[in-house]
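Participant: The structure follows.
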Amino acid sequence: QVQLVESGGGLVQPGGSLRLSCAASGSIFSIYAMGWYRQAPGAQRELVATITSGGSTNYLDSVKGRFTISGDNAKNTVYLQMDSLKPEDTAVYYCYFNLRIITIWGQGTQVTVSS
């Protein structure tokens, strides 16, 4: 059974950077898209960034120009480089892999932006 393992979260000061990673264990036949959601306390989960198997990307307006999503299909891994972090970026970040017939999720990693 395929599982996603996230890493890279933590505490960072405003203006700092973090890089999240999400790696799949097990065999994956085909990935349609990968991405990241986040959920802050008391808020709805929101889509932060996506990348398709063809390399097309989309971003939440509030992170455009600050976050960069990338993927390594050979390693079944997706990354989220987060720069110029703001306190409002504080949330639990969840990765996902859309395999067309099913979507699998990571366990979530906490990102806290605070001085």
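The values are calculated or read from the model by the stated rules, or taken from the named source; none is laboratory data. Please read these numbers as outputs of a predicted model, since none were measured by experiment. A quick note on method: Cβ atoms are made from the backbone with ideal geometry, for glycine too, and the neighbour counts reach across all protein chains shown. Only protein heavy atoms, including side chains, enter the accessible area calculation; ligands, DNA and RNA are left aside. Shrake-Rupley method; radii C 1.70, N 1.55, O 1.52, S 1.80 Å.
Participant: Restricting to region 73-101, what's the tally of residues that are closer than 15 Å to LEU11 by Cα, open to solvent by less than 50 Å² (accessible area, probe 1.4 Å) and out of contact with any Phe, Trp or Tyr (no Cβ under 8 Å at 6 or more places or on another chain)?
Facilitator: The total comes to 5.
Participant: Filter region 29-44 down to the residues that are under 13 Å from TYR96 (Cα atoms) and part of a loop (DSSP other than H, G, I, E, B) and list them by number.
Facilitator: Residues satisfying the conditions are ILE31, TYR32.
Participant: Taking the condition surrounded by 13 or more Cβ atoms within 10 Å (Cβ to Cβ), free of Cβ contacts under 8 Å to residues at least 40 places away in the same chain, part of a strand (DSSP E or B) and on the phi < 0 side of the Ramachandran plot, does SER70 pass?
Facilitator: yes
Participant: Something else now. Take VAL12 and tell me if it is modelled with pLDDT of 95 or more and over 16 Å from the mean Cα position of the chain (by Cα).
Facilitator: So VAL12 fits the description; yes.
Participant: Within region 1-47, restricting attention to residues that are surrounded by fewer than 16 Cβ atoms within 10 Å (Cβ to Cβ) and among the hydroxyl-bearing types (Ser, Thr, Tyr), which residue is nearest to SER115 (Cα to Cα)?
Facilitator: SER17
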